[in-house]
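Read the structure below first, then the notes.
Taken together, the values in this text are just the output of simple stated rules run on the coordinates, not laboratory data. Computed from a predicted model, the values in this text were never measured in an experiment. Cβ sites come from the backbone with ideal geometry, for glycine too, and all protein chains shown count toward neighbours.
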């Protein structure tokens with residue numbers, strides 16, 4: 001892998017080789033230039049133009065994952081590039097100078113199609129110590145730079161010359177240099193060494209979930225005091241856990257009811273309201289493994305359940321214009337969740353909403369500026385899961401909060 005000076009180093013090494021060819025053939029009057037010839041800059045010689053960069057098709061997907069799940073850099077990302085050059089030859093047509101230059105240069109590139117580390121090191125060593133390319137480390141790249149001709153027809157060459165907005169044209173041929181591996185500038189975080197190793201061989205059958213619902217309503221909407229029924233196959237292994245979002249419970253034979261699991265959600269730790277994935281994980285004991293010695297063996301497909309927040313006794317605080325509504329809630333939301341309080345007057349058409357809240361113990365305190373005196377129906381939505389309303393005589397009657 002190489003630093004950001006690699007592309008310029010390839011161009012410089014290629015120009016230096018061609019310059020050596022001209023000197024060896026006693027064509028010292030011919031120039032070698034980096035750049036595109038123009039109608040006003042067309043002295044006799046060879047012109048080397050880097051006109052296109054493209055990702056290397058063979059190596060663009062060979063890079064290992066560069067980041068861990070936490071976002072930390074695990075290894076430096078590597079960009080694999082192909083460089084396309086246009087070699088243009090200009091000279092006195094009466095002396096066939098362009099043709100002679102083309103034959104000399106193209107024959108050498110075909111016979112020596114690699115820019116190896118020795119040639120690159122020699123070029124860099126010939127530069128002044130203060131030259132910016134002396135910091136290039138292309139010579140340490142494990143892959144050599146291979147030069148190969150490109151079958152570019154007259155139409156493609158005309159497009160390349162057209163990009164330079166030139167009506168002037170010279171004898172030209174396109175070549176490709178591959179591959180240049182550019183290192184990212186980020187510094188990876190070194191992982192801790194493996195503390196211990198172990199091996200366990202078991203017959204692991206993956207669990208499969210087919211349906212889930214609350215035991216009474218048979219809907220996939222639950223509160224944290226309900227019983228969740230999970231139907232499926234291979235639900236209980238030697239060591240199994242059920243995950244509901246970030247919450248989990250260790251499964252035992254007492255949870256199995258026929259071909260289903262019945263989970264008392266009050267026994268599940270780490271729950272938060274919202275739409276949550278439900279999965280079953282079978283685990284296996286690995287000798288010598290750190291921690292509890294358990295490692296995942298098989299994971300089920302995921303099904304979704306909506307865990308709605310349950311509201312306690314509501315109260316209001318403060319006076320106009322700075323009112324607050326205090327709501328005991330289980331389970332409590334996290335501060336990074338989308339939480340909205342909706343208030344609807346039971347006597348007027350007044351409605352208020354608030355997304356500004358703080359967590360205080362087991363309660364959520366909402367700021368509701370401009371909240372007038374009255375009684376309001378209360379709903380709280382957390383990531384799309386809305387608290388339940390009570391109904392009496394066909395009308396919603398609670399929960400309510402009274403603002404004095």
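When the Debye formula is applied to the Cα atoms of the range 6-183, each taken as the same point scatterer, what base-10 log of I(q)/I(0) results at q = 0.08, 0.14 Å⁻¹?
Calculated log10 I(q)/I(0) at the listed q: -0.29, -0.82.
What ranking do 36, 239, 131, 352 get, fewest neighbouring Cβ atoms within 10 angstrom at the top?
Lowest to highest Cβ neighbour count: 131, 239, 352, 36.
Rounded to whole Å, give me the distance from the Cα center of the range 9-25 to that of the range 270-346.
67 Å
Would you give the gap between the C-alpha center of the range 93-119 and the C-alpha center of the range 167-186, rounded to a whole Å?
16 Å
So which residue, out of 274, 125, 232, gets the largest mean-square fluctuation from a GNM of the chain using Cα contacts under 10 Å as springs?
Evaluated over the chain, the most mobile residue of the options is 125.
How high is the FRET efficiency between residue 143 and residue 187 when r is their beta carbon distance and R₀ equals 22 Å, given to the nearest 0.05?
Once rounded, the FRET efficiency stands at 0.45.
Grab every C-alpha pair in the range 197-261, bin the distances at 10 angstrom width from 0 up to the longest one, and report whole percents.
Calculated P(r), rounded to whole percents: 18, 50, 24, 7, 2.
How far, in nm, would the chain grow between residue 345 and residue 34 when pulled straight, counting 0.36 nm per residue and subtracting the alpha carbon separation?
104.2 nm
Which of rounded, prolate, oblate describes the range 208-307, given a ≥ b ≥ c as roots of the alpha-carbon gyration tensor eigenvalues and a/c under 1.5 marking rounded, otherwise prolate only if a/b is larger than b/c?
Taking the square roots of the gyration eigenvalues as a ≥ b ≥ c, the range 208-307 is prolate.
Counting only helical runs of four or more DSSP H residues, what would the 222 nm mean residue ellipticity of the chain come to if each run contributes -39,500 (n - 2.57) and the total is spread over all its residues?
When only DSSP H runs of four or more count, the value is -4000 deg cm²/dmol.
Using a Gaussian network model of the chain whose springs link C-alpha atoms within less than 10 Å, name the residue from 282, 110, 255 with the highest mean-square fluctuation.
Of the options given, 110 has the highest mean-square fluctuation.
Once label points are set 7 Å from the Cα along Cα→Cβ at both residue 41 and residue 391, what is their separation, rounded to one decimal in nm?
Each label point is offset 7 Å from its Cα along the Cβ direction, giving 8.0 nm.
Classify the range 310-403: rounded, prolate or oblate, from the alpha-carbon gyration tensor (a ≥ b ≥ c, eigenvalue square roots; a/c under 1.5 rounded; otherwise prolate if a/b is larger than b/c)?
oblate
Can you list, largest first and rounded to whole Å, the semi-axes you get for the chain by taking the square root of 5 times each eigenvalue of its Cα gyration tensor?
Whole-Å semi-axes of the equivalent ellipsoid: 72, 31, 19.
How large, in Å, is the range 284-352 by the Kirkwood hydrodynamic radius built from its alpha-carbon pairs?
17.3 Å
Estimate the FRET efficiency between residue 95 and residue 194 by the formula 1/(1 + (r/R0)^6), using the beta-carbon distance for r and 60 Å for R0, to the nearest 0.05.
0.30
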